[in-house]
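This report refers to the structure that appears directly beneath it.
The values are calculated or read from the model by the stated rules, or taken from the named source; none is laboratory data. Note that the structure is predicted; figures quoted are calculated from it, not measured. For neighbour counting, all protein chains shown are included, and Cβ atoms are generated from backbone atoms with ideal geometry for every residue, glycine included. Quick note on the areas: whole protein, heavy atoms, side chains included, nothing else; ligands and nucleic acids left out. Shrake-Rupley method; radii C 1.70, N 1.55, O 1.52, S 1.80 Å.
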Amino acid sequence: MKILVVDDEILARKRAIDLLEKLEDVEDIVEASSGQEAIKLLLDNEFDLVLLDIQMTDMTGFDVLLRIPGVDRPQIIFITAYDQFAIHAFEVRAIDFLLKPYKDDRFYESISRVKKTSKEKIERLIHFIKKNDTLFKNGKNAIENVVIKKRNNYYFVPVTEIKYIISSTYYAEIFTKDNKKHLYRISMSDFIKILDNNFLRISRSTIIHKERITKIVSEGMGEYSIIMKDGKSFSLSKNYRENFLIQLKIRSAKNG
(Lines give C-alpha, C1' and ligand atoms only; values in the text may rest on other atoms or scores of the structure.)
Protein backbone atom coordinates (compact mmCIF):
# COMPACT_ATOMS: atom_id res chain seq x y z
CA MET A 1 0.00 0.00 0.00
CA LYS A 2 0.98 3.60 -0.65
CA ILE A 3 -0.23 5.68 2.28
CA LEU A 4 -0.58 9.42 2.91
CA VAL A 5 -0.51 10.67 6.52
CA VAL A 6 -2.11 14.11 6.96
CA ASP A 7 -1.85 15.95 10.27
CA ASP A 8 -0.71 19.46 11.17
CA GLU A 9 1.10 18.20 14.28
CA ILE A 10 4.51 16.66 13.61
CA LEU A 11 4.39 14.31 16.63
CA ALA A 12 1.02 12.94 15.52
CA ARG A 13 2.39 12.26 12.03
CA LYS A 14 5.50 10.61 13.44
CA ARG A 15 3.46 8.29 15.65
CA ALA A 16 1.29 7.14 12.76
CA ILE A 17 4.30 6.67 10.48
CA ASP A 18 6.18 4.66 13.11
CA LEU A 19 3.22 2.29 13.41
CA LEU A 20 2.76 2.00 9.64
CA GLU A 21 6.43 1.12 9.12
CA LYS A 22 5.88 -2.06 11.12
CA LEU A 23 3.39 -3.37 8.55
CA GLU A 24 4.75 -5.67 5.85
CA ASP A 25 2.32 -4.61 3.12
CA VAL A 26 3.13 -0.90 3.34
CA GLU A 27 5.32 0.06 0.39
CA ASP A 28 5.50 3.86 0.64
CA ILE A 29 4.51 6.48 3.24
CA VAL A 30 4.12 10.17 2.40
CA GLU A 31 3.24 12.92 4.88
CA ALA A 32 1.46 16.27 4.65
CA SER A 33 1.30 18.97 7.32
CA SER A 34 -1.75 20.86 6.06
CA GLY A 35 -4.98 20.42 4.15
CA GLN A 36 -3.69 22.34 1.15
CA GLU A 37 -0.55 20.21 0.96
CA ALA A 38 -2.67 17.06 1.20
CA ILE A 39 -4.94 18.17 -1.65
CA LYS A 40 -1.97 18.80 -3.95
CA LEU A 41 -0.48 15.41 -3.14
CA LEU A 42 -3.80 13.66 -3.67
CA LEU A 43 -4.37 15.33 -7.04
CA ASP A 44 -0.85 14.54 -8.27
CA ASN A 45 -0.44 11.01 -6.87
CA GLU A 46 -2.35 7.79 -6.35
CA PHE A 47 -2.67 6.54 -2.79
CA ASP A 48 -4.30 3.40 -1.47
CA LEU A 49 -5.03 4.86 1.95
CA VAL A 50 -5.09 8.28 3.64
CA LEU A 51 -4.87 8.82 7.38
CA LEU A 52 -6.60 12.19 7.57
CA ASP A 53 -6.75 14.50 10.59
CA ILE A 54 -10.16 16.16 10.82
CA GLN A 55 -9.34 19.44 12.55
CA MET A 56 -6.35 21.21 10.98
CA THR A 57 -5.35 24.86 11.10
CA ASP A 58 -6.15 25.66 7.44
CA MET A 59 -9.19 23.45 6.83
CA THR A 60 -10.96 20.31 8.00
CA GLY A 61 -10.29 16.81 6.77
CA PHE A 62 -13.79 16.87 5.28
CA ASP A 63 -12.81 19.88 3.15
CA VAL A 64 -9.88 17.83 1.85
CA LEU A 65 -12.10 14.83 1.07
CA LEU A 66 -14.57 16.94 -0.91
CA ARG A 67 -11.76 18.33 -3.11
CA ILE A 68 -10.69 14.88 -4.34
CA PRO A 69 -12.41 13.71 -7.56
CA GLY A 70 -14.64 10.73 -6.89
CA VAL A 71 -12.86 8.37 -9.24
CA ASP A 72 -9.53 9.02 -7.50
CA ARG A 73 -10.61 8.81 -3.87
CA PRO A 74 -8.51 6.37 -1.85
CA GLN A 75 -9.63 4.63 1.31
CA ILE A 76 -9.83 7.00 4.25
CA ILE A 77 -9.28 6.68 7.99
CA PHE A 78 -10.16 9.86 9.82
CA ILE A 79 -8.19 10.78 12.91
CA THR A 80 -9.80 13.13 15.39
CA ALA A 81 -9.53 14.41 18.92
CA TYR A 82 -13.07 15.68 18.60
CA ASP A 83 -15.73 13.25 19.86
CA GLN A 84 -18.57 15.26 18.30
CA PHE A 85 -17.35 14.47 14.79
CA ALA A 86 -17.51 10.80 15.63
CA ILE A 87 -21.01 11.13 17.06
CA HIS A 88 -22.43 13.16 14.16
CA ALA A 89 -20.56 11.96 11.10
CA PHE A 90 -19.86 8.35 11.87
CA GLU A 91 -23.33 7.43 13.06
CA VAL A 92 -23.90 6.59 9.39
CA ARG A 93 -21.28 3.82 9.88
CA ALA A 94 -19.69 5.00 6.66
CA ILE A 95 -16.04 4.62 7.48
CA ASP A 96 -13.61 4.01 10.33
CA PHE A 97 -12.02 6.66 12.51
CA LEU A 98 -9.37 6.87 15.22
CA LEU A 99 -9.97 8.97 18.31
CA LYS A 100 -6.81 10.61 19.67
CA PRO A 101 -4.92 9.51 21.64
CA TYR A 102 -5.35 6.00 20.25
CA LYS A 103 -3.63 2.77 21.27
CA ASP A 104 -1.49 0.68 18.94
CA ASP A 105 -4.02 -2.15 18.81
CA ARG A 106 -6.81 0.23 17.84
CA PHE A 107 -4.63 1.70 15.07
CA TYR A 108 -3.93 -1.69 13.53
CA GLU A 109 -7.57 -2.73 13.89
CA SER A 110 -8.55 0.34 11.88
CA ILE A 111 -6.03 -0.46 9.14
CA SER A 112 -7.35 -4.00 8.91
CA ARG A 113 -10.95 -2.82 8.83
CA VAL A 114 -10.45 -0.25 6.09
CA LYS A 115 -9.03 -2.89 3.76
CA LYS A 116 -12.49 -4.45 3.77
CA THR A 117 -14.35 -1.15 3.32
CA SER A 118 -16.04 -0.59 -0.02
CA LYS A 119 -15.70 2.78 -1.74
CA GLU A 120 -19.49 3.04 -1.75
CA LYS A 121 -19.25 3.69 1.99
CA ILE A 122 -17.01 6.68 1.35
CA GLU A 123 -19.63 8.05 -1.05
CA ARG A 124 -22.24 7.63 1.68
CA LEU A 125 -20.10 9.71 4.02
CA ILE A 126 -19.61 12.43 1.39
CA HIS A 127 -23.38 12.56 0.85
CA PHE A 128 -23.84 12.87 4.61
CA ILE A 129 -21.28 15.73 4.81
CA LYS A 130 -22.95 17.67 2.00
CA LYS A 131 -26.38 17.17 3.53
CA ASN A 132 -25.17 18.37 6.94
CA ASP A 133 -22.68 21.01 5.83
CA THR A 134 -23.21 23.19 8.92
CA LEU A 135 -21.61 20.45 11.00
CA PHE A 136 -18.50 20.45 8.84
CA LYS A 137 -17.96 24.10 7.93
CA ASN A 138 -14.55 25.21 6.77
CA GLY A 139 -12.12 26.65 9.28
CA LYS A 140 -12.34 26.56 13.04
CA ASN A 141 -15.40 24.60 14.06
CA ALA A 142 -15.99 25.75 17.61
CA ILE A 143 -17.98 23.32 19.70
CA GLU A 144 -20.98 24.17 21.87
CA ASN A 145 -20.71 21.16 24.16
CA VAL A 146 -17.96 18.84 25.31
CA VAL A 147 -19.21 15.28 25.12
CA ILE A 148 -18.02 13.24 28.10
CA LYS A 149 -18.38 9.47 27.74
CA LYS A 150 -18.88 7.45 30.92
CA ARG A 151 -19.35 3.78 30.25
CA ASN A 152 -22.22 3.57 27.73
CA ASN A 153 -23.56 7.07 28.38
CA TYR A 154 -22.71 10.46 26.85
CA TYR A 155 -22.93 13.60 28.98
CA PHE A 156 -22.95 17.10 27.51
CA VAL A 157 -20.98 19.87 29.23
CA PRO A 158 -21.79 23.31 27.73
CA VAL A 159 -18.65 25.19 26.75
CA THR A 160 -20.16 28.36 28.24
CA GLU A 161 -20.01 26.71 31.68
CA ILE A 162 -16.25 26.07 31.56
CA LYS A 163 -13.98 28.22 33.75
CA TYR A 164 -10.61 26.70 32.92
CA ILE A 165 -8.96 23.52 31.70
CA ILE A 166 -5.84 21.91 33.14
CA SER A 167 -3.76 19.19 31.51
CA SER A 168 -3.43 15.86 33.32
CA THR A 169 -1.27 13.37 31.34
CA TYR A 170 -3.52 12.09 28.51
CA TYR A 171 -6.57 13.88 29.87
CA ALA A 172 -7.84 17.43 30.22
CA GLU A 173 -9.44 18.33 33.54
CA ILE A 174 -12.41 20.58 32.82
CA PHE A 175 -13.57 22.82 35.66
CA THR A 176 -17.05 24.32 35.38
CA LYS A 177 -18.95 27.15 37.08
CA ASP A 178 -20.78 24.72 39.36
CA ASN A 179 -17.37 23.65 40.76
CA LYS A 180 -17.45 20.24 39.10
CA LYS A 181 -14.47 18.57 37.42
CA HIS A 182 -14.77 16.45 34.27
CA LEU A 183 -12.09 14.34 32.58
CA TYR A 184 -11.86 14.52 28.80
CA ARG A 185 -9.35 12.43 26.82
CA ILE A 186 -7.68 15.00 24.58
CA SER A 187 -4.42 16.93 24.32
CA MET A 188 -4.36 20.64 25.09
CA SER A 189 -3.16 21.38 21.54
CA ASP A 190 -6.16 19.61 20.05
CA PHE A 191 -8.58 21.06 22.59
CA ILE A 192 -7.74 24.72 21.94
CA LYS A 193 -8.40 24.18 18.21
CA ILE A 194 -12.06 23.38 18.79
CA LEU A 195 -12.84 25.98 21.45
CA ASP A 196 -14.14 29.43 20.57
CA ASN A 197 -12.16 32.65 20.89
CA ASN A 198 -13.25 33.16 24.51
CA PHE A 199 -10.66 30.55 25.46
CA LEU A 200 -7.00 31.41 25.68
CA ARG A 201 -4.04 29.15 26.30
CA ILE A 202 -1.77 30.62 28.97
CA SER A 203 0.71 27.75 29.33
CA ARG A 204 1.39 24.25 28.04
CA SER A 205 -0.92 22.88 30.72
CA THR A 206 -3.65 25.53 31.09
CA ILE A 207 -6.50 27.02 29.03
CA ILE A 208 -8.80 29.64 30.57
CA HIS A 209 -12.09 31.32 29.67
CA LYS A 210 -11.31 35.03 29.46
CA GLU A 211 -14.68 36.05 30.88
CA ARG A 212 -13.82 34.17 34.09
CA ILE A 213 -10.81 36.40 34.76
CA THR A 214 -11.20 38.91 37.58
CA LYS A 215 -7.76 40.55 37.34
CA ILE A 216 -4.27 40.26 35.93
CA VAL A 217 -1.37 41.09 38.22
CA SER A 218 1.97 42.32 36.87
CA GLU A 219 4.61 40.72 39.06
CA GLY A 220 7.52 42.66 37.47
CA MET A 221 10.25 41.43 35.11
CA GLY A 222 7.59 40.57 32.54
CA GLU A 223 5.84 38.06 34.80
CA TYR A 224 2.06 38.01 35.19
CA SER A 225 -0.44 36.19 37.41
CA ILE A 226 -4.00 35.62 36.27
CA ILE A 227 -6.65 35.60 39.00
CA MET A 228 -9.94 33.89 38.19
CA LYS A 229 -13.32 34.81 39.67
CA ASP A 230 -13.26 31.73 41.92
CA GLY A 231 -9.91 32.83 43.38
CA LYS A 232 -7.80 30.37 41.40
CA SER A 233 -4.44 31.83 40.34
CA PHE A 234 -2.39 30.88 37.26
CA SER A 235 1.01 32.00 36.02
CA LEU A 236 1.20 33.30 32.46
CA SER A 237 3.88 31.36 30.57
CA LYS A 238 6.45 33.30 28.56
CA ASN A 239 5.66 31.37 25.36
CA TYR A 240 1.99 32.38 25.48
CA ARG A 241 2.39 35.85 27.03
CA GLU A 242 2.48 37.96 23.87
CA ASN A 243 -0.65 36.48 22.30
CA PHE A 244 -2.54 36.57 25.60
CA LEU A 245 -1.79 40.24 26.26
CA ILE A 246 -2.70 41.19 22.69
CA GLN A 247 -5.96 39.24 22.81
CA LEU A 248 -6.99 41.06 25.98
CA LYS A 249 -5.83 44.41 24.49
CA ILE A 250 -3.33 44.92 27.30
CA ARG A 251 -0.63 45.18 24.65
CA SER A 252 -1.00 46.08 20.99
CA ALA A 253 0.34 43.90 18.21
CA LYS A 254 1.85 46.97 16.55
CA ASN A 255 3.70 48.35 19.55
CA GLY A 256 4.74 45.02 21.09
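Structure notes:
- Tally of residues being open to solvent by less than 30 Å² (accessible area, probe 1.4 Å) and within 16 Å of M1 (Cα to Cα) across region 53-74: 2
- Region 173-188 - residue that is among the hydrophobic types (A, V, I, L, M, F, W, C) and over 18 Å from D230 (Cβ atoms) and, of those, surrounded by the most Cβ atoms within 10 Å (Cβ to Cβ): I186
- First in region 51-77 and assigned to a strand (DSSP E or B), second anywhere and among the β-branched types (V, I, T) and at pLDDT below 85, Cβ under 7 Å, 6 or more apart: Q55/T80; Q55/I194; T60/I54; Q75/V114; Q75/T117; I76/I95; I76/I122; I77/V114
- Count of region 145-194 residues which are of a type in the set (F, W, Y), part of a strand (DSSP E or B) and modelled with pLDDT under 95: 5
- Yes/no for R212 being among the basic types (K, R) and under 16 Å from the mean Cα position of the chain (by Cα): no
- First in region 98-125 and under 24 Å from R67 (Cβ atoms), second anywhere and open to solvent by 60 Å² or more (accessible area, probe 1.4 Å) and at pLDDT below 75, Cβ under 9 Å, 6 or more apart: K121/R93; R124/R93
Okay, residues lined up against (1) more than 14 Å from I165 (Cα to Cα); (2) surrounded by 14 or more Cβ atoms within 10 Å (Cβ to Cβ); (3) in contact with a strand residue (DSSP E or B) (Cβ under 6 Å, 6 or more places away or on another chain); (4) of a type in the set (D, E):
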site	(1), (2), (3), (4)
D190	no, yes, no, yes
N198	no, yes, yes, no
R201	no, yes, yes, no
T206	no, yes, yes, no
H209	no, yes, yes, no
V217	yes, no, yes, no
M221	yes, no, no, no
K232	no, yes, no, no
F244	yes, yes, yes, no
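- Within region 36-50, being in a helix (DSSP H, G or I) and either of a type outside the set (G, A, S) or more than 15 Å from D8 (Cβ to Cβ) (or both) holds for Q36, E37, I39, K40, L41, L42, L43, D44.
- Top-ranked residue in region 1-16 [being assigned to a helix (DSSP H, G or I) and surrounded by fewer than 17 Cβ atoms within 10 Å (Cβ to Cβ); ranked as farthest from the chain's Cα centre (by Cα)]: K14
- Every listed requirement among (1) closer than 18 Å to D104 by Cα; (2) open to solvent by less than 40 Å² (accessible area, probe 1.4 Å); (3) outside any helix (DSSP H, G or I) is met by D25 save one, (2).
- Top-ranked residue of region 90-139 - restricted to ones that are at pLDDT below 60, of a type in the set (A, V, I, L, M) and open to solvent by less than 50 Å² (accessible area, probe 1.4 Å), ranked as farthest from L20 (Cα to Cα): V92
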